[in-house]
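Asks: This structure is in structure tokens; I'll ask about it shortly.
The values are calculated or read from the model by the stated rules, or taken from the named source; none is laboratory data. Small disclaimer: the values here were computed from a predicted structure and weren't measured. Here the Cβ positions follow ideal geometry from the backbone for every residue, glycine too, while neighbour counts run over all protein chains shown. What goes into the accessible areas is simple: the full protein's heavy atoms, side chains included, and nothing from ligands, DNA or RNA. Shrake-Rupley method; radii C 1.70, N 1.55, O 1.52, S 1.80 Å.
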Amino acid sequence: MLKKCLNEFEQIAIMPFSRVLLEHNFEIDEFAFFERGALDLESLNPIENESFEDLSAYKLSGEIDPQYGSQMLRRATTSLTEFDLDVLKNHPTVVFPVSIDMEKFLNFHHQEDVDLIKKLSFIAEKAMDMIRFELCRLDLPDTLPGTIGSWEGSSDYLGALIYDKRMSKSFLIAGSAVESTQVVKGIGLEIDRYTYHPIPKPEYGELASYAHQALMLLTDAMSSPNSTVKFMRVMGLLEFLASPNEYQTWKKIKCDLACHIAKDKTKYHTLLDRFRMLTSIKDDNDNEIGYRTLVVHQGKYLPDLVGSHEEVSNLFKELQYYASCVIRDMMDNPSWSWAEFSSYRNTLKINLGVK
């Protein structure tokens, strides 16, 4: 697979990722995932980065070339992160094509390296979003993979190897590129299989664009710091899935979601009642008991409303199932416009006998 990447593309990026044990190499579109130790990285002629000791020796030598000194500082700063070939060898990696102006790259400063790493991680996260969608659970953050570019103990650092075929050389860059929290609970994800599904890319069509955004929102919900924030993010995802272009009330939203989930008219109406409990409903004494209203508008703590850890876990399994039903219908019809998808919803409702 690496040879295939090298033959097909002028430039590639290789990035590690943490909290995953791969049992087999596999591909998702242009992204090739490799087991730990599967790549012959020396064949890519990596340029060794200098250390700060090398930089100090350079300064003491009396050399005065500011451009060379600036590049030594750049490479020494990468060395400070402890990102090197051994990190790549000891972690699973993802390889994918990139397009980089190497003339500019060779004169980058460290912050430009960090900006590039952020962009590359964002690109590769599209494939990781698919893995999370297929294999991870909202109620089980213990199995979430780390961010593309991360390695064991990397903290806020991310790293990448950039290979250019024309130069027949590769370059190691790394820096502080994580702007929010990393998942720390549990040991991560074991992947012994992957059910292939193409990544929904915006260029495939309007619905693919919405599906792509939905997958990112689901990843964001999965990595939430606590169950209350997670609930708010999942409800936001469901609102997006019902109407990505404009605000709608939950009175309309619940109908547009339930038609993707229900198998018959009875289940459809049961779901509408359930969505009222999840959003806004009052008891016999006119007290609000709907979870969303209490959490979002009254600042309540979700477990106080739902109950035990098991009940909270079951709630997130339920919500993920609802979201997944809609996302799969989107991914199955990536070229559709939103108008066509809305028409499909009307057909679903007619088939259920509710319209």
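Asks: Peptides 109-122, 227-240: what's the order by average Cβ count within 10 Å, highest mean first?
Replies: 227-240, 109-122
Asks: Counting pairs of alpha carbon atoms under 8 Å apart in space and at least six apart in sequence, what relative contact order in percent does the chain give? Write out the running numbers ahead of the final one.
Replies: Numbers: 552 pairs, mean separation 69.3, N = 355.
Relative contact order of the chain: 20 percent.
Asks: For mean projected area of the Cα convex hull in nm², the listed values are (i) 19.9; (ii) 21.2; (iii) 17.7; which was obtained by calculation from the structure presented?
Replies: (ii)
Asks: Ignoring ligands, DNA and RNA, what percent of the 1.4 Å accessible area of the stretch 127-230 is carbon and sulfur?
Replies: 51
Asks: For the stretch 128-260, what percent of Cα pairs sit more than 23 Å apart?
Replies: 48
Asks: In square nanometres and to one decimal, what's the mean projected area of the convex hull around the Cα atoms of the stretch 253-355?
Replies: Across all orientations, the stretch 253-355 yields a mean hull projection of 8.0 nm².
Asks: Helix 250-261 versus the longest principal axis of the chain: what is the Cα-based angle in degrees, 0 to 90, to the nearest 10?
Replies: For helix 250-261, the angle is close to 80 degrees.
Asks: Using only the Cα atoms of the stretch 153-193, what are the Rg and Dmax in Å?
Replies: Spelled out, the Cα radius of gyration and Dmax of the stretch 153-193 are 15.0, 42 Å.
Asks: Can you order the peptides 219-226, 266-273, 168-175 by their average number of other Cβ atoms within 10 Å per residue, highest first? Write out the running numbers ahead of the final one.
Replies: Working: 219-226: 17.6, 266-273: 14.6, 168-175: 21.8.
Ranking, from highest mean packing down: 168-175, 219-226, 266-273.
Asks: A 29 angstrom limit on the alpha carbon distance is what I want to check against. Which of Lys126/Lys230; Lys126/Lys251; Lys4/Lys119; Lys4/Lys230 exceed it?
Replies: Pairs exceeding 29 Å: Lys126/Lys251; Lys4/Lys230.
Asks: Excluding ligands, DNA and RNA, what is the solvent-accessible area per residue of the chain at a probe of 1.4 Å, expressed in Å²?
Replies: Result: 49 Å² of accessible area for each residue.
Asks: What is the local net charge at Ser280, summed over the other residues whose Cβ is closer than 10 Å to its Cβ (Lys, Arg +1; Asp, Glu -1)?
Replies: +3
Asks: Straight-line reach only, C-alpha to C-alpha below 13 angstrom: list the aspartates and glutamates that Lys118 could link to, leaving out same-chain residues fewer than 8 apart.
Replies: Straight-line reach from Lys118, under 13 Å: Asp156, Glu179.
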